[in-house]
Amino acid sequence: MTAKYDPEIDVFIGKVVEYGSHYQTDRMEALYTSDQSILFVSGKGHVERAPRAAVMAEFAARGAAGDAPLSTEHRVLHVEQQGDHATALLYRRMSPHAPPALYELRLRKEAGSWQIAGETVTAFPHAEDADDFLPKRQHAA
């Protein structure tokens, strides 16, 4: 169960999803720190870093081209807050035609407002693949 945390974090995440899904880059700008970047982890363990400018440019291009809005499907799975820093785990699916993903959002409160300082995006595991992160014990305790 998630411990108590600033309820504004849930409101903030809702804005991130809403603005991003509708390619509102002018509104998205204020939600991210100037040094924000995203790490994408592939199913093969490769990590690709995307700087803030590249991600904003991609969203702007989709909006300018008239792409249909993305799905706003999301669920906050867990939030841990330590003062002006927080980490949120977010289930997110951008389209029924795209696989769901797990987002780790690294948040920082600056000038009284939450912002995303970094993100790590990984494919959301299929429930049948989920298991304990440790192998079974070799010897009983």
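Read-outs: derived from the displayed coordinates by stated rules, not from any lab. Note that the coordinates shown come from a computational prediction; the quantities given were computed from them, not determined experimentally. Methodologically, a virtual Cβ is constructed for each residue, glycine included, from the backbone with ideal geometry; neighbour enumeration extends over all protein chains shown.
Some notes on this structure:
- Remark on the chain: ratio of C-alpha radius of gyration to 2.2 N^0.38 Å is 1.16.
- Length gained on full extension, Arg75 to Arg106, computed as 0.36 nm times the residue gap minus the Cα-Cα distance: 9.6 nm.
- Helical content alone sets the calculated 222 nm signal of the chain at -6500 deg cm²/dmol, taking -39,500 (n - 2.57) per DSSP H segment of four or more residues and averaging over every residue.
- Summing charges over neighbours of Ala60, with a neighbour being any other residue whose Cβ is under 13 Å away from its Cβ, gives -1 when K and R count +1 and D and E count -1.
- A P(r) calculated from all alpha carbon pairs of segment 12-64, with 5 Å bins opening at zero, reads 4, 19, 25, 24, 16, 9, 2 percent.
- Helix 52-64 and the longest principal axis of the C-alpha atoms of the chain enclose an angle of approximately 60°.
- Under Karplus coefficients 6.51, -1.76 and 1.60, residue-wise ³J(HN,Hα) of segment 108-116 in Hz, glycine/proline x: 9, 8, 10, 6, x, 10, 6, 9, 8
- Compared with the dominant Cα axis of the chain, that is its longest principal axis, helix 8-21 is turned about 60°.
- Qualifying trypsin sites (Lys or Arg not before Pro) in segment 1-63, DSSP loop, other Cβ atoms within 10 Å at most 14: Lys4, Lys44
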